[in-house]
Amino acid sequence: MAKKMVKKSKSPRKKKQSPIILGMKIFFVCILLFIFSIALISKKLFEEPSGISTNYEQEFIHELAENAVIIEAKYHVRPSVMMAQAILESNWGKSELAQREKNYYGIKGENPSSYTTKEFEEDEWIEISAQFRSYDSLLESMEDYAKLLNNGTGWDGELYKEVIEAPNYIESAEALQTAGYATDPDYPEKVISLIETYELYKYDHDTIEQESKSE
């Protein structure tokens, strides 16, 4: 018996895409990827402002607070001001001086190394080279700062008396300016802003006492 021949149906040939259409598709895919990347970057910038991350800030504040409690009991220095100054002077512990010398308050002293710093003189900012004290830890730096406020300088032992005895953090920050701790004319405002932004006042005795009375 003769075998019946079965015709194979020819599969339709795929039409070749026009190079122009293919190029347009690739172009649109690239545009979509670009828009998606921009959206991700914008979201990240919105959630994490430029500078130090929120988590880092919280950890640094926590470390400062632990030391501030110890130092306040011994030297009676207001924790909120002490913490705000450390943040401001060391740029959240990221300055070269803080990283290399554990100096978080910009306290000058003998040191083989010199560092460039900015000071406000005659209504303008200038750069100078100066020597700063070196410490072994954040706690040691904070304690030396507290000693400075308590003991003053060689020419005035009560130079920072008002900083310690001020009834609140605002007057304490303003007393720093009066005593000449920093040359920055906006120094008190910067210290106060940090205290209020990060609620550092909650570590002060007067705030703690007020909260305990209201409970």
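Per-structure values
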read-out	value
Any hit, the stretch 171-183, residues being in contact with a strand residue (DSSP E or B) (Cβ under 6 Å, 6 or more places away or on another chain) and either farther than 23 Å from ASN67 by Cα or in a loop (DSSP other than H, G, I, E, B) (or both)	yes
Residue under evaluation GLU121, criteria (1) farther than 18 Å from GLN85 by Cβ; (2) of a type outside the set (Gly, Ala, Ser); (3) at pLDDT 85 or above, criterion not met	(3)
So VAL69, is it of a type outside the set (Phe, Trp, Tyr), modelled with pLDDT under 95 and under 16 Å from LEU138 (Cα atoms)	yes
Extreme residue, surrounded by the fewest Cβ atoms within 10 Å (Cβ to Cβ), among residues of the stretch 179-199 that are modelled with pLDDT of 95 or more and of a type in the set (Val, Ile, Thr)	THR197
Test: GLN131 is open to solvent by 50 Å² or more (accessible area, probe 1.4 Å) and in a strand (DSSP E or B)	yes
Only one of LYS147, LYS108, LYS202 that is surrounded by fewer than 18 Cβ atoms within 10 Å (Cβ to Cβ) and modelled with pLDDT under 95	LYS108
Residue that is touching an Asp or Glu at 6+ places or on another chain (Cβ under 7 Å) and either buried (at least 19 other Cβ atoms within 10 Å of the Cβ) or more than 22 Å from ASP186 (Cα to Cα) (or both), where the choices are LEU97, LEU138	LEU138
Test: residue in the stretch 107-125 that is within 23 Å of VAL77 (Cα to Cα) and in a loop (DSSP other than H, G, I, E, B)	yes
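The values are calculated or read from the model by the stated rules, or taken from the named source; none is laboratory data. Here the structure is a predicted model, which means the values were calculated and not measured. Note: ideal-geometry Cβ built from the backbone for every residue, glycine included; neighbour counts use all protein chains shown. Heads up: the accessible areas ignore ligands, DNA and RNA and are worked out on the full protein's heavy atoms, side chains in. Shrake-Rupley method; radii C 1.70, N 1.55, O 1.52, S 1.80 Å.
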